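Values quoted throughout were computed directly from the atomic coordinates according to the rules given, and no laboratory measurement underlies them. Note that the structure is a prediction, hence the values are computed from the model and not measured. Note that each Cβ is placed from the backbone with ideal geometry, even for glycine, and that neighbours are counted across all protein chains shown.
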Amino acid sequence: MIGGLRFVHLDGWCAVIDKPGGLLSVPGRGPDKQDSVVSRLRCLLPWCLAQPAVHRLDMATSGLMVLGLTGPVHRHLSAQFARRQVVKEYVALLDGEVGGEGGEMRLAFRLDPDNRPHQVYDPEGGKEGITRWRRIGERDGRTLVVFVPLTGRTHQLRLHAAHPLGLGCPIVGDSLYGRGRPGDRLMLHAAALGFTHPASGQRMGFTSSPPFL
């Protein structure tokens, strides 16, 4: 742990951070929302790009995220995300029993402007989110799954888990789409991340164990 961040990888081009649940990925609006992965990183590396986050994890979600430290690196990594060349796997504990062993979900959703940041299903006006999933175990009437998102919509995995047209089974601790209460630990963790290093061209892969297992 350095400067309040757990580094999984760091070089002159990019950083991979194992973000704890409860920490913002990037600063928000207002003085009470300035503490984040990005603000902590820039305190340690003041020379890095002002906005190095290539992708974001929800505040309640823990796990791996990659940051590009310079403009060219950030653009290179962003292009990999856009081309779906980045491998991302999440482990989630669902609040109930799920039928089936795996599959693919496609649901379109959008922001509910009257209930921010809540997202709502909207097959006509929403943006499609695509998630592959597989069951990996059960525990006390709950189901452990791996999610592989092919798109990066806001709250995508939480919605795909909870919505009746998805798995119909919210993530444990989800206070927006499930039975969790504010402050509960969301049982969703970005457990694997793979991408091509923008300087060396080497394929890199990282893993992180979910803290709730």
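Below, the figures for the structure above:
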quantity: Shape call, the stretch 75-117: gyration tensor on alpha carbons, a/c limit 1.5; calculated: oblate
quantity: Residue order, fewest to most surrounding Cβ atoms within 10 angstrom, among 133, 47, 13; calculated: 47, 13, 133
quantity: 24 Å Cα-Cα reach of residue 19 towards lysines, excluding residues that sit fewer than 8 places from it in its own chain; calculated: 33, 88
quantity: Burial ordering of 59, 65, 187, fewest other beta-carbon atoms within 10 Å first; calculated: 59, 65, 187
quantity: Over the chain: Rg over Rh, Cα atoms, Kirkwood Rh; calculated: 0.96
quantity: Residues with amide H under 5 Å from that of residue 180, placed H, sequence gap 5 or more; calculated: 173, 174, 175
quantity: Within the chain, helix-based [θ] at 222 nm, where runs of 4 or more DSSP H residues each add -39,500 (n - 2.57), nearest 500; calculated: -3500 deg cm²/dmol
quantity: Tensor-based shape of the stretch 90-188 (alpha-carbon gyration tensor, a/c under 1.5 rounded, otherwise prolate or oblate); calculated: oblate
quantity: The stretch 41-84: radius of gyration over Cα atoms, expressed as a fraction of 2.2 N^0.38 Å; calculated: 1.21
quantity: Phi-based couplings in Hz for the stretch 175-183 (Karplus 6.51, -1.76, 1.60; Gly and Pro marked x); calculated: 7, 8, 10, x, 9, x, 10, x, x
quantity: Cα pair distances in the stretch 154-213, grouped into 10 Å bins until the bin that holds the longest one, percent each; calculated: 21, 36, 26, 15, 3
quantity: Cut-off under 5 Å, modelled amide H: who pairs with residue 144 long-range; calculated: 94, 136, 137, 138, 139
quantity: Residue (of 186, 107, 160) at the positive-pole extreme of the stretch 90-188, dipole from beta-carbon charges; calculated: 186
